[in-house]
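Contents: one structure, followed by commentary.
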């Protein structure tokens, strides 16, 4: 899949590497800003709380 994408990118090798980095950054940003917040409420571990009685006391 990555080889197919790399062969389809225009330009010489340095430009292709730059384009791959830009595409990776765009995919990362899309996941962090759109996808993960949208599915956060569907995850079973999103409602986390700490019981104050079970929490260890700080040493004096």
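The values are calculated or read from the model by the stated rules, or taken from the named source; none is laboratory data. Just so you know, these numbers come straight off a predicted model, no measurement behind them. Positions of Cβ are backbone-derived with ideal geometry, glycine not excepted, and every protein chain shown enters the neighbour counts.
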Exercise. Using beta carbons and a limit of 6 Å, which pairs, at least six apart or on different chains, have the first residue in the range 2-16 and under 16 Å from residue 27 (Cβ atoms) and the second one part of a helix (DSSP H, G or I)?
Worked result: 9/16; 9/19
For this session: Restricting attention to helices (runs of 4 or more DSSP H) lying wholly within the chain, give those where 2 or more residues are modelled with pLDDT of 95 or more and out of contact with any helix residue (DSSP H, G or I) (no Cβ under 6 Å at 6 or more places or on another chain).
Result: 13-30
